[in-house]
Amino acid sequence: MTRGGVRGIGLALVAAGLLLLLLAHWPASARAEGDHVALIKLDGVIDAVSERFISRAIDKAADDGAALIVIELDTPGGRADSMRDIIEAILGSRAPLAVYVSPAGARAASAGTFITAAANFAVMAPTTNIGAAAPVSSGGGELPPTLQKKVNEDILALIRGISERRNRNAAALEDTVTSALAYSADEALEIGIIDLIATDLGDLLSQLEGRPAETASGSVEVSTAGLPVREVRKTMLERFLGLIADPNIAYLLLSLGSLALLAEFFSPGVFGPGVVGVLALLLAFVAVGLLPVSWVGVALILFAMGLFYFELQAPGIGAFGAGGVVSFLVGSFLLFGGFFESSVIPEPAVEVNRWLIGGMTAALVLALLTILNLAREGGSADAFVGTPDEALIGARGVALSDLAPSGTVRIGDREWSATTEEWTSISAGREVRVISIYSGGVIKVSDSFPETGSRTRMIVSAVADRIRRTFRRDNT
């Protein structure tokens, strides 16, 4: 890569770092200090992004002097590791905390069951439900018997520990795991899974007034009468991470970033593709780090780009290109979905849209064929010799960038797009001579200089080269 390309990547890294730093410190809202009720809303799957938000919000609410923290929850479940981290944050809260399954029609399914049970006060709105936390495989099927027993024991131990800590009906909560049972709000209250039913937040606060709670700071009594309710909102960084932590967006960033870097390596010095590629890959790796990614899929996609690079070094071979397409397609399907690991609790499916995979693969093949055609012909195969630039044949200049096989050279006082012979490369700064001319402003150069010969011999050699390329094209 040329110094310009390296400089472009460096600038891209600096820009990305500054952007993330700015987003991380961008205030979500004015600081809310003093006695108040802190409201945290979690609507969606339990994942790494929501876990970081909930953990930060709980700490912030306690630091700001919240008399009570309320997590308003509506979730289909999510990742087991993120669920455990949220439970840890709830059990370690320095302020009393209530989980409120709301609004009407909401649910605390799967991982949401554990999170609700872990709160000081488990509260549900009418016509909500809780439960269905039986372990399944990542594909939604049943686990093998041995693994099923192991996972069940692990999850049951967790739910029993929570039940003992919060004085809940352990047997009923265990049934949500062993039998995948779910309960309505009325049923959950009757069997002792939750503490109360509240029609709205105001009703919840009035019912909790004066109740004792055990926190990480000791025993306290809930007193929220007359206190304002302040919502702890997501920061700009958390919103941004929530946006890119989508399997389709992560896949696009990984694919397009890899292609952009491939274009930078193929045509060093262009600068633009390198910057775009580095930024896209940085965001892609941030995104896949927040998702249940298969690194085998990531490796296959990156391996495909390596095969495409070798294909572009020797256009016409075909084996590298075909292997790259297959590797890219297989990697795309394996990128998400947990093919190589088992889930502990039911998790929402994380996969790339198949139409998107098909479209990206088709676009990739089209782009590859276009680049190969340009690499084979150096532009258009027409108007080879006999143009006003014929005098360039034999002229000497200097390579402005690495030619591997394409780049830029300077002949006299003019810069040209140039290409070298197959399987050869020329380093930036080396002296070159023109051996062929193509229409479209592309020339073919070499860094070898015959000791004898004439300009006429060079032109004859160029014409022979044109005939050889045309013959090869007609027979492929």
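The values are calculated or read from the model by the stated rules, or taken from the named source; none is laboratory data. As the structure is a prediction and not an experimental result, all values here were calculated from the model. Virtual Cβ from ideal backbone geometry, glycine too; neighbours counted across all protein chains shown. Surface accessibility is based on the protein's heavy atoms, side chains included, excluding ligands, DNA and RNA. Shrake-Rupley method; radii C 1.70, N 1.55, O 1.52, S 1.80 Å.
Below are the figures for this structure:
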| quantity | calculated |
| --- | --- |
| Order by protection proxy (mean Cβ within 10 Å, highest first), peptides 214-221, 195-202, 273-280 | 273-280, 195-202, 214-221 |
| Phi-based couplings in Hz for segment 285-299 (Karplus 6.51, -1.76, 1.60; Gly and Pro marked x) | 5, 5, 5, 5, x, 9, 10, x, 8, 9, 5, 5, x, 4, 4 |
| Accessible area in the full protein assembly, largest first, 1.4 Å probe, for Leu208, Leu334 | Leu334, Leu208 |
| Pairwise FRET efficiency - Arg354 versus Ala216, Cβ, R0 = 41 Å, nearest 0.05 | 0.30 |
| Diffusion coefficient, µm² s⁻¹, Stokes-Einstein with Kirkwood Rh over alpha-carbon pairs of segment 163-265 at 37 °C and 0.692 mPa s | 174 |
| Sequence-distant residues sharing a close amide H with Ser436 (under 5 Å, placed H) | Lys444 |
| Global geometry of segment 400-439, whether rounded, prolate or oblate, following the gyration tensor of its Cα atoms and the 1.5 cut on a/c | oblate |
| Amide H contacts of Glu72 (H built 1.01 Å from N, under 5 Å, at least 5 apart or other chain) | Ile40, Lys41, Leu42, Tyr100 |
| Largest-first ordering by accessible area, 1.4 Å probe, given options Leu366, Leu282 | Leu366, Leu282 |
| Proximal charge balance of Arg94 [Cβ under 9 Å; K/R count +1, D/E count -1] | -2 |
| Efficiency of FRET from Cβ geometry, Met236 and Asn167, R₀ 51 Å, rounded to 0.05 | 0.80 |
| Highest to lowest packing among 175-184, 401-410, scored as the average C-beta count within 10 Å | 401-410, 175-184 |
| Exposure of Thr420 as accessible area (Å², to 10), given a probe of 1.4 Å and all protein chains | 10 |
